[in-house]
1. For R486 and L416, compute 0.36 nm times the residue count separating them, minus their Cα-Cα distance, and round to one decimal in nm.
2. Which of P509, A253, G20 sits closest to the plus end of the dipole of the chain, meaning its Cα is farthest towards the positive end, when Lys and Arg get +1 and Asp and Glu get -1 on the C-beta?
3. Given the Cα-Cα distance of D212 and S162 and 0.36 nm per residue of separation, how much length would full extension add, in nm?
4. With a 1.4 Å probe and every protein chain left in place, tell me how much accessible area V280 has, in Å² to the nearest 10.
5. Hey, for a label at L24 modelled as a point 7 Å past Cα toward Cβ, could you say which residues of the stretch 90-115 have their backbone N under 14 Å away?
6. Give me the accessible area per residue for the chain, probe 1.4 Å, as a whole number in Å².
7. Note down the relative contact order for the stretch 10-133 as a percent, whole number, built from C-alpha pairs under 8 angstrom at least six residues apart.
8. From the protein chains alone at 1.4 Å, what is the descending order of accessible area for T467, T243, largest first?
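The values are calculated or read from the model by the stated rules, or taken from the named source; none is laboratory data. Predicted model only: the values in this text are computed from it and were never measured. Because the Cβ atoms are built from the backbone with ideal geometry, glycine has one as well, and the counts that use them run over all protein chains shown. The accessibility values were calculated without ligands, DNA or RNA, using every heavy atom of the protein model including side chains. Shrake-Rupley method; radii C 1.70, N 1.55, O 1.52, S 1.80 Å.
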Amino acid sequence: MHFLLDHLVILPILLPLATGAILLFIDDRLRPVKAAINFASTVLLLILAILLVRHAAEAGQAGGVGNATYPLGNWPVPFGIVLVADRLSALLVLLTAILGLCALAFSLARWHAVGPSFHSLFQFLLMGLCGAFLTGDLFNLFVFFEVLLAASYGLALHGSGSARVRAGLHYIAINLAASSLFLIGAALIYGVTGTLNMADIAARVADVADADRGLLEAGAGILGIAFLVKAGMWPLGFWLPNTYAAASAPVAALFAIMTKVGIYAVLRLSLLVFGDQAGVSAGFGHAFLLYGGMATIAYGAIGALAAQSTARLSGNLVLMSSGTLLAAIGFGNAGVVSGALFYLVSSTLAISALFLLVELLERIRVEGADILAVTMEAYGDDDEEDEEQEVGVVIPGALAVLGISFAVCALVLSGLPPLSGFIAKFAMISPMFNPQGLATVNEISASAWWLAGLLIFSGFAALIALTRTGINTFWATVAEGPAAVRVIEILPVVVLLGLCVVMVVLAGPIMTYLEAAANALHAPAGYIADVLGAPVVVDLGAKP
């Protein structure tokens with residue numbers, strides 16, 4: 001147990017790396033064996049993530065800031081690569097493990113068998129995600145970005161089909177261009193500061209010479225563009241709805257957290273490097289994030305209203321979620337960011353569940369059904385049927401579960417009470433108008449009114465779009481006979497939505513954790529001190 005705690009920070013990276021490598025040597029014809037190994041590894045990853053969150057929370061309660069550091073190779077920081085687990089990164093590793101387990105369980109019904117190397121790619125994607133959230137080094141962040149992107153390229157194309165191949169190739173081309181920008185931006189920052197350790201960059205940015213500051217900010221801007229392409233900010237996220245709609249259901253469900261990697265990178269670097277301690281560069285890019293995020297909310301809302309398929313609707317809801325988070329970061333208030341972190345978890349769980357539901361809902365729709373014909377029949381324009389109408393028909397159990405699950409998704413994503421989406425939006429809007437608390441009279445900025453209005457409008461747009469989809473699916477076009485849904489497919493959906501309900505029940509402790517995470521992000525001195533003063537790893541040969 002002592003060994004596990006000493007190396008807890010690196011285990012969420014090593015575990016999927018080792019598992020993915022082992023699965024490469026197992027023949028694809030032994031899919032049950034590969035599935036069992038994959039599932040066991042993902043369950044273990046979930047356990048490690050829970051321990052990591054618990055460690056971060058307990059460190060904060062003990063009076064620390066909750067940062068666990070792990071210098072790789074026992075090299076002192078900033079000369080060596082360091083992994084850092086704080087409250088935010090631990091939370092996102094946990095969210096990755098939850099989505100990974102649910103997506104994997106859903107895929108075991110059939111999707112894992114429709115293409116080669118699914119299980120290895122799945123584990124390498126988990127490795128890249130966990131590494132991106134845990135690294136404290138800018139170049140190492142690029143490496144983990146490329147690992148998760150390389151795995152996502154294969155998963156985006158998993159299952160073949162012309163639409164999937166077309167969208168996947170667009171996805172690959174755009175992300176390769178973004179990766180090039182990432183390297184250019186990182187090179188410029190390294191040329192000015194002489195370091196790639198994120199905490200070390202933050203410690204040096206205030207002392208950058210005026211002649212070099214423009215080059216530093218140019219590098220940061222280019223780096224930000226690379227992150228915002230991955231986050232889906234308008235107009236850089238035009239590729240996202242098509243790619244997510246074309247991907248298979250379990251892959252799209254796991255991709256729901258892919259945009260959050262870009263969000264995380266923007267959140268981490270904008271508040272760490274360009275926080276209050278950055279001198280004349282303090283607040284660099286925050287206005288761009290605020291207005292770009294609001295434009296993304298509007299774009300996603302309009303796209304959701306215009307979407308003609310549930311899959312494209314889900315992709316536009318991802319854009320709305322990304323825009324909300326980017327605008328909250330740009331608003332520059334720790335209270336708003338804590339509410340945004342609650343929203344991040346809630347919306348990611350619900351969107352992932354919706355992507356899984358997309359495939360299941362398609363199975364209960366009548367091919368070629370027309371809602372106009374149903375409307376005409378309701379108004380008596382259709383010929384009356386001679387046969388007697390059946391009264392008191394019992395709704396099949398699978399259809400009832402699908403209907404309830406879709407309704408819960410709609411409530412969470414629309415931000416309606418009493419579920420977690422409402423709490424998240426309320427937690428964001430309240431600090432916009434009362435940054436110093438309810439007992440203080442504050443001057444309300446115009447951006448607060450605009451952002452709050454867009455949050456309400458986006459919820460209303462999501463409600464209309466999801467209600468329309470629900471009517472078309474459950475009212476107008478339901479096929480006769482039972483829905484072909486297996487327990488292993490509907491159970492992950494129930495688990496994801498059940499966690500949204502749990503977030504309501506445990507809203508107090510969760511918000512306490514997220515407020516501490518947001519306050520630490522806005523006061524990065526503790527993070528910088530912990531990383532730059534990181535001790536070497538305990539000697540593997542030492543006795544506990």
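1. Here the segment from R486 to L416 would lengthen by 22.2 nm.
2. Among P509, A253, G20, the one farthest towards the positive end of the dipole of the chain is G20.
3. Additional length available on full extension: 13.1 nm.
4. 120 Å²
5. Once the point is set 7 Å along Cα→Cβ of L24, nothing inside the stretch 90-115 turns out to lie under 14 Å by backbone N.
6. Computed with neighbouring chains in place, this is 41 Å² per residue.
7. 38 percent
8. T467, T243
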